[in-house]
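The values are calculated or read from the model by the stated rules, or taken from the named source; none is laboratory data. Quantities reported herein were computed from a predicted structural model and do not represent experimental measurements. Here Cβ is always computed from backbone atoms with ideal geometry, including for glycine, and neighbour counts include all displayed protein chains. Protein only, heavy atoms only, side chains kept; ligands, DNA and RNA dropped before computing areas. Shrake-Rupley method; radii C 1.70, N 1.55, O 1.52, S 1.80 Å.
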Amino acid sequence: MADSSVVVTRFAPSPTGYLHVGGARTALFNWLLARHTGGRFLLRIEDTDVARSTQQACDQLIDDLRWLGLGWDNAELVYQSRRIEIYNRIIDELIARGLAYKAYETKEVLDRLWHAAQRAKRQYRYVRPRLTDEQIRQFQAEGRPHVVRLAMPVKEYRFDDVVLGANQGVGPGEVQDFIIRKSDGMPTYHFAVVVDDAEAGVTHILRGQEHLLNTVNHIALQEALGYARPTYGHLPIIMNSDGSKMSKRDRDKKIRERVGQWIRSGKKTAEQMAQETGIDPQRFSAWLPDKTGNDSNPLQLDLGEQASVMKMMGMGRGDLPEILIHDFRENGYLPEVLLNFLSLLGWSPGGDRERMSVAEMVELFSLDRIGKSNAKFARDKLLAFNTEACASAPMPRMLAAFRDYLSVNPDSLLNNADDAALEKVLKMNHGFHLLREVDEKSRFLFMRDDQIELQGDAVEKVLKKNENQGANALREILAILSGLSSWTAHEIELAVKGYCDRTQLGLGKVAQPIRVAVSGSTVSPPIFETLEFLGKPSTIARIEKCLANL
């Protein structure tokens, strides 16, 4: 193990899009360990997968980390794609020392060997072929594509894991030579990560349990290169409430399920959907679940295609499970609440404690309190955390959070509101779960009077039911509201309740028609505060327009 008085941790994501919840939890634990010990937390961008890594995806990932408040200590980001010469120099040295070699098998040959192992019901293990010098010279002369493999010593590889315990690893029968440079000339994850960690002086590596067997390869490379071994800790897997592994595919799966329902109900055909969304018909057809409803399809739509399909079906973000950190930001969670919740996915501060500030998490964090069992992502618990935090947060904090929410929801009409108006809206919606709820319930307040569209079901259930009882009450209350000289929530409430007493109508049978008239729907903030916010001219204009439409 590395012997250093300063703890150095790192987070090394691949920039293929917005940050996943699992990646955020990994980043958080590494960040907490560094901050708790007074060490350093480093950020490295592992972008050697040229086909999938883009600058836009990198920017999105960095923006997610900044939103969470997980700052890093390296002044300049390390991009693996800019270190190819360093990797190649080290690989060439390994080849010269006989510790690595070029392998020329084609994909077809490797596939054939793998299938042969499957038929024989044995685990496939790569075995280095015995090539003559003449064969190698011939391959080189014809420019035959090749990879570079580490000549991995056949022995037992064991290591102690601070989470899973001692004696992790594999025996001699499970090791095999693995690729350290791909045929396109790019280093593999296994190779680059070991070199980068050693050069950065990383002392502790916390990552998901899916990397457990990768650690064996990394130890072999560390031994070949003479690097110190860091302390490893493999974190429990994050599961959905139904026991399935939480994955980016969950979003795509939800959309696909809705598409399947539309097709089965006859709302639209697959061909119509493909045409309306601009997705290639063959790709769209291949993406659909089969006729039995089986949804094991590995093909996924990209985020842009998903958005097009959702728009066609009227799906909102609230219809999808939050998987990416950006999902939580778009829906209006507070980042400090999300960090608190993520910290509890596999770690315990002790006792029954759950609600913590970031400073308290830093103070309490320790490796010995990370558990081995899979962690369950309880969305109802996260929602309760957010509801409580929003209710107790001071107004300046909530205004800043609301502004941030609006910055990633540019289509919201509330972007045009000043801070005074946003503060009123937040107070009117007190007790909300998400900022998205505040936005959706309050958008009508910022529409022009002529933009209000009455929802058909609201009109039928509230205004026309019982021989137009709601519409008749609305017509009578319009005259009363028009005569008010003082337009405050209190005065409006007194006038409306006075009308209810005289007519023996319940408050709901009067308030709901007013709500439908001014908002177009049956949902709004408290009605009297809503009318005060709108002002008398807009309130009267909207009621008159509603009655005229009826």
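Quick grid of which residues meet (1) more than 30 Å from G371 (Cα to Cα); (2) more than 36 Å from the chain's Cα centre (by Cα):
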{"position": "A116", "(1), (2)": "yes, yes"}
{"position": "F139", "(1), (2)": "yes, yes"}
{"position": "G143", "(1), (2)": "yes, yes"}
{"position": "R149", "(1), (2)": "yes, no"}
{"position": "P153", "(1), (2)": "yes, yes"}
{"position": "G165", "(1), (2)": "no, no"}
Inspect all residues belonging to region 213-222 and state whether any of them is in a helix (DSSP H, G or I), at pLDDT below 95 and either of a type in the set (D, E) or within 16 Å of G165 (Cβ to Cβ) (or both).
-> no
When A307 is run through (1) under 15 Å from R249 (Cα atoms); (2) at pLDDT 85 or above; (3) part of a loop (DSSP other than H, G, I, E, B), the failure sits at (3)
How do the helices (runs of 4 or more DSSP H) wholly within region 368-429 filter down when requiring 3 or more residues that are in contact with a Phe, Trp or Tyr (Cβ under 7 Å, 6 or more places away or on another chain) and over 18 Å from E322 (Cα atoms): which remain?
-> 419-428
Restricting region 416-456 to residues that are under 29 Å from the mean Cα position of the chain (by Cα) and polar (S, T, N, Q), the residue that is most open to solvent (accessible area, probe 1.4 Å) | N416
Name the residues in region 93-122 that are assigned to a loop (DSSP other than H, G, I, E, B) and either of a type in the set (V, I, T) or without any contact (Cβ under 8 Å) to a residue 40 or more places away in the chain (or both), would you?
-> R97, E105, T106, A120, K121, R122
When region 224-272 is examined, which residues are found to be touching a residue at least 24 places away in the same chain (Cβ under 8 Å) and open to solvent by 50 Å² or more (accessible area, probe 1.4 Å)?
-> Y227, A228, R229, S241, K248, R249, K253, K254, E257, R258, I263
Inside region 493-550, the number of residues satisfying the requirement of being in a helix (DSSP H, G or I), under 18 Å from K465 (Cβ atoms) and open to solvent by 20 Å² or more (accessible area, probe 1.4 Å) is 7
Say whether the condition of being open to solvent by 70 Å² or more (accessible area, probe 1.4 Å), part of a loop (DSSP other than H, G, I, E, B) and touching a residue at least 60 places away in the same chain (Cβ under 8 Å) is met by at least one residue in region 470-481.
-> no
In region 39-59, how many residues are under 21 Å from R207 (Cα atoms) and open to solvent by 30 Å² or more (accessible area, probe 1.4 Å)?
-> 2
When you scan region 164-197, how many residues do you find that are open to solvent by 20 Å² or more (accessible area, probe 1.4 Å) and assigned to a strand (DSSP E or B)?
-> 7
